[in-house]
Amino acid sequence: MPPSGPTATRLRTLHVIVGVMIAGVLVFTAVVSFLVTAGTLPLEPNPAFGYLIYAAVGYLAISLLAAPMIDGRVGRAAPGSDDDVVAQKWITGAIVGMAIREGAALFALVASLLVGSVPWALAFGLISAAGMGMAWPRAHELEERLNEARRSG
């Protein structure tokens, strides 16, 4: 059964926040691609910054792997917590996880901008958006947390 009342409102608000975060990554991907393609970069692309691409690949990979663990820990309420606390902790965890993913995406896109690489920008942007989309907060996850807290309390 889908959540109702304040829980449903919180979930809709969380969906708006996450959607805007994903849209931000996609828009920045488009901006970086346009700037590099049009040759209107504020700085001259420098292939010597190629090491940033390797750092971006590593940071993005680590963040996409670590974010689910971190948001799971941040979003876990104490056993026996009431529904409001459980929902708020879960929402906080989801936002923290998305912020980690978004930060890695933005770093990777800036690295591709400095190097002047559209293929890297597109790869980073699309992989990041896909990773964020796969972590989209779902009502059943919140319901599982609420039922778990009710059973333990």
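Residues in the range 117-153 that are touching an Asp or Glu at 6+ places or on another chain (Cβ under 9 Å) and modelled with pLDDT of 90 or more were compared, and the one that is surrounded by the fewest Cβ atoms within 10 Å (Cβ to Cβ) is ALA135. When SER112 is tested against (1) surrounded by fewer than 19 Cβ atoms within 10 Å (Cβ to Cβ); (2) in contact (Cβ under 8 Å) with a residue 60 or more places away in the chain, exactly one condition is not met: (1). Selection of the range 75-86 for residues being of a type outside the set (Ser, Thr, Tyr), surrounded by 14 or more Cβ atoms within 10 Å (Cβ to Cβ) and either at pLDDT 90 or above or outside any helix (DSSP H, G or I) (or both) yields GLY75, ARG76, ALA77, VAL86. Residue-level check: of (1) touching a Gly at 6+ places or on another chain (Cβ under 6 Å); (2) under 30 Å from ARG150 (Cα atoms), ILE91 misses just (1). Residue-level analysis places ALA104 among those that are within 17 Å of ASP71 (Cα to Cα), modelled with pLDDT of 95 or more and either assigned to a helix (DSSP H, G or I) or among the β-branched types (Val, Ile, Thr) (or both). With respect to ALA111, is the statement that it is within 13 Å of the chain's Cα centre (by Cα), within 30 Å of ASN46 (Cβ to Cβ) and aliphatic (A, V, I, L, M) true? Against the criterion (within 13 Å of the chain's Cα centre (by Cα), within 30 Å of ASN46 (Cβ to Cβ) and aliphatic (A, V, I, L, M)), ALA111 does not qualify. Working carefully through the options THR7, THR13, THR40, find the one that is surrounded by fewer than 17 Cβ atoms within 10 Å (Cβ to Cβ), in a helix (DSSP H, G or I) and either at pLDDT below 95 or in contact with a strand residue (DSSP E or B) (Cβ under 7 Å, 6 or more places away or on another chain) (or both). Residue meeting the stated conditions: THR13.
The values are calculated or read from the model by the stated rules, or taken from the named source; none is laboratory data. Predicted model only: the values in this text are computed from it and were never measured. Positions of Cβ are generated from backbone atoms using ideal geometry, with glycine treated the same way; all protein chains shown enter the neighbour counts.
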